[in-house]
Amino acid sequence: MKKQNNQIRLRFIAISASILFAFSSLAQTNEVTIDRIIAKVDNYIILKSELERAYLDFLSRGQLRGSNAKCGILQQLVVNKMLMAQSEIDSIYVDDAEVDLNLDRRMAAIAQQFGGESEIERAYGKSIEQIRSEIFDNIKEQLTIQRMQSELTSSMKVTPSEVKKFFRAFPQDSLPYFSTEVSLAQIVKEADPGKTQKDKVRNLLLDLRGRIENGESFGALAKRYSQDPGSAANGGQLGFYSRGELAPEYEAASLSMEPGGLSMPIETQFGYHLIQLQEKRGNTYKTRHILISPQPDQNDYTKAENYLDSIRNLIVLDSIKFESAAKDYSDDQLTSSAGGFFQDESGALRVSAETLDPNIFFTIDTMKIGTITKPIRFQKEDGSYAFRIIYYKNKIAPHQANLIDDYQKIAAATLAQKKNNKISEWFEKARGNVFIEIDSEYDYCNITK
């Protein structure tokens, strides 16, 4: 029973850990390890360095070291490779465009933490493009595994009785202790570039178009002017894409040209593109582009601030509820669907005060419960600026986990355990149908038995 409780506790703690960035594979260490293959799962391999990195991350999160822990991690790596093999059988794939979008978000978040892309390059001794290239396959595998796990567990739910049973399995002295938590919401308004700024970008692209027609290198101009982080360094090259993979406006313009043709400036959600079609091959096409995104000017920022202030006035006058206004008007996709509320990993509409952005923390530190700020300008992760109003709904004092205050957290942990059990059951059934070979060094783990 003690061993079972420890396993449950580890799973409960793990629910609060976010998905790791793949940057750990780039980290430099002083320890020299001769890498080798330690496991094979069908056509997939697991390297010793892969296991060691995962184990170091496990320890960095405060977990206990030991051979059993390393065995558990190795088994999880084997399960991941089995899920990859099963994804091929079930024709479940993640396309490159989705991986690129995921990479963009991760790179933007990392750049925010490091203080810019140049600091990332300095830290790892590699260009951004090299870093993206090296972790691309890792991210694609993560997304594929998540999709396969979802296929196996997406229909699973937990009942209140299951949640209570899960919670009661904990010894009282092992229950997690939660620090101060706050319930707060935001409505974000981004400044949309107006006609003046859009015209500047269109005119610049028209100028570049003329220069290319007069003999200047498209690739050289893309490297100099394009704001697409994924292709600028490669002269704007995007490679081959199938129909439906790129923005509809981009695709329509590309397919309307003959190879070698240059488009007029084309607007998509990302900005304005100057496109050159290079080749058509069946249902795929190859292009390169120069992307420039219009930036708001002061008039645009003032307009956004005034608009958000008018929404705040309606909320204060009780003409509209904050939650409804957030869903209808907020430009922040992460919080708008939850009525503007910040959520923790379990989906609870409150977060630890320790995890708050410092600017938000110091803002609410001067607020009274139930109040709403005036519009505040802030810098987003991608470096752009926007405005937000913050609603400080509630504050929860530090406390030990209980079913009343923390039901959503406990329910999420219960569901996570249930899904883990489902994956474990699938592994037990499926491993007999898959070729698995484990290095003899890890025989004591009994993974294939």
Filter result for GLU134 (surrounded by 13 or more Cβ atoms within 10 Å (Cβ to Cβ), within 21 Å of the chain's Cα centre (by Cα), of a type outside the set (Lys, Arg) and more than 24 Å from TYR442 (Cβ to Cβ))
yes
Within the stretch 241-250, track down each residue that is at pLDDT 90 or above and either farther than 16 Å from ALA222 by Cβ or among the acidic types (Asp, Glu) (or both).
TYR241, LEU246, ALA247, PRO248, GLU249
Restricting to the stretch 368-384, name every residue that is out of contact with any helix residue (DSSP H, G or I) (no Cβ under 9 Å at 6 or more places or on another chain), at negative phi and modelled with pLDDT of 95 or more.
LYS368, ILE369, THR371
Scope the stretch 89-99; condition in a helix (DSSP H, G or I) and touching a helix residue (DSSP H, G or I) at 6+ places or on another chain (Cβ under 8 Å); matching residues
ASP96, GLU98, VAL99
Test for PHE136: is it aromatic (Phe, Trp, Tyr) and closer than 30 Å to PHE427 by Cα:
yes
Examine the stretch 377-395 for a residue that is within 28 Å of the chain's Cα centre (by Cα), of a type in the set (Ser, Thr, Tyr), crowded, with 16+ Cβ neighbours inside 10 Å and in a strand (DSSP E or B), and state whether such a residue exists.
yes
Of all residues in the stretch 404-449, count the ones that are of a type in the set (D, E, K, R), surrounded by 11 or more Cβ atoms within 10 Å (Cβ to Cβ), closer than 21 Å to ILE45 by Cβ and in contact (Cβ under 8 Å) with a residue 40 or more places away in the chain.
3
Does the stretch 235-255 contain at least one residue that is out of contact with any Leu (no Cβ under 7 Å at 6 or more places or on another chain), in contact (Cβ under 8 Å) with a residue 40 or more places away in the chain, part of a strand (DSSP E or B) and at positive phi?
yes
Total residues in the stretch 251-291, condition of a type in the set (Ser, Thr, Tyr), surrounded by 15 or more Cβ atoms within 10 Å (Cβ to Cβ) and closer than 18 Å to ASP95 by Cα
2
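The values are calculated or read from the model by the stated rules, or taken from the named source; none is laboratory data. A quick note: this is a predicted structure, and the numbers were derived from the prediction, not measured. Note that we place each Cβ from the backbone using ideal geometry, even for glycine, and neighbour counts take in every protein chain shown.
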